[in-house]
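Below is one structure, written out as structure tokens, with a few remarks after it.
The values are calculated or read from the model by the stated rules, or taken from the named source; none is laboratory data. The model shown is predicted, which means the values in this text are computed figures rather than measured ones. Cβ: placed from backbone, ideal geometry, glycine included. Neighbour counts: every protein chain shown.
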Amino acid sequence: MATRISTCIGADLKSKGFKVHEVSGIVPAAEVHARRDYYKIVMVTGDFILKFGDKTMDIDGTYLFFANPNVHHTTIPRSLERSGYACVFTEDFIAGRELTDLVQNSPLFRSSESPVLPLNPEQVAFLTSIYRKMLTVYNSDYEHRDELFRNCIELIIHEALLIQPANQDLREHNAAARVTRSFLELLERQFPIDNPAEPLKLRTAQDFANSLSVHTNYLNRTVKAVTGKPTSVLIAERITAEARALLQHTNWSVADIAYGLGFEYPTYFNNYFKRITGTTPNAIRTTRV
């Protein structure tokens, strides 16, 4: 059953960018959902274990779950039945409007979290009405259906943000610290450079934001708030520190060092290094011991 649903979702997403369906029936022994190219919002009633990223959560009741495209998740049932609804959508489907910023900057879809929110009967009734409306329109020829689907997605997200616990400020602070820590770990993990034929892959704030599945503006704002320094400054400082080490402690040519640090041409590296340090790579090399 899982394979058939996945195939249907994939076909619809490829042609429409959006799919909504009812979740029902007997649960397979386990469903593994790897990294994919779409977002998913599920409202489900059941008794199972949910694993996402490195976290595990017991689910027993009705919950709203936000699945990030870059975080795999697995459901392990403890009962045979489940019910609910799911909608999936691609990034292209929500592009070109405020919804894109809402999704990318929301704590609901961050790579460090895939929030699971318990629902009370009133919230279940409200969200059920939204999903049923999407299902009805999905099977119709309504001319503006895509716009209605986007409005429904936005409404679900805002309802979820209202449901978030009252200590949201603390959660936001902790989330900012986690994103910053993940950024610094990604930055440091690229060093030391062992082979100029294997250059740095992450060199800009945009590169790191893409890897962390967050918006570049959010990453810049978060890193600056936690460290006091812009993302670009931290990247430049680390690249420059590695350049100094390579210049002083290896026999690599300046060209090899430039390539290893991800610069397309040695002249780009020379200009970059001088702008950051006030001196040239050759000047550092001649002073080594």
Just give me the residues in the range 202-214 being at pLDDT 90 or above and not in a helix (DSSP H, G or I), in sequence order.
202, 203, 204
Within the range 67-94, restricting to residues that are among the small types (Gly, Ala, Ser) and within 19 Å of residue 19 (Cβ to Cβ), the one that is modelled with the lowest pLDDT is 67
Restricting the range 256-289 to residues that are among the small types (Gly, Ala, Ser) and surrounded by fewer than 16 Cβ atoms within 10 Å (Cβ to Cβ), which is farthest from residue 185 (Cα to Cα)?
283
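With the structure loaded, tell me whether residue 195 is at pLDDT below 90, more than 20 Å from residue 215 (Cα to Cα) and either out of contact with any Lys or Arg (no Cβ under 9 Å at 6 or more places or on another chain) or outside any helix (DSSP H, G or I) (or both) or whether it fails that test.
Yes, satisfied.
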Residue 107 versus (1) out of contact with any Asp or Glu (no Cβ under 8 Å at 6 or more places or on another chain); (2) at pLDDT below 70: which is the lone unmet condition?
(1)
Look at residue 142 and say whether it is at pLDDT 90 or above, under 14 Å from residue 16 (Cβ atoms) and touching a Lys or Arg at 6+ places or on another chain (Cβ under 8 Å).
no
From 100, 62, grab the single residue that is at pLDDT below 80 and hydroxyl-bearing (Ser, Thr, Tyr).
100
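Does the range 42-53 contain at least one residue that is aliphatic (A, V, I, L, M), farther than 30 Å from residue 140 by Cα and at pLDDT below 90? Steps first, please.
Of all residues in the range 42-53, those aliphatic (A, V, I, L, M) come to 42-44, 49-50.
From what's left, farther than 30 Å from residue 140 by Cα: 49-50.
Right, trim to at pLDDT below 90 and you get 49-50.
Yes.
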Residue under question is residue 227, and the condition is that it be polar (S, T, N, Q) and touching a helix residue (DSSP H, G or I) at 6+ places or on another chain (Cβ under 6 Å); does it hold?
no
Mind listing whichever residues of the range 219-255 are surrounded by fewer than 20 Cβ atoms within 10 Å (Cβ to Cβ) and among the polar types (S, T, N, Q)?
220, 227, 232, 240, 248, 250, 251, 253
Within the range 117-138, identify whether any single residue is within 25 Å of residue 221 (Cβ to Cβ) and either modelled with pLDDT of 90 or more or among the acidic types (Asp, Glu) (or both), and answer yes or no.
no
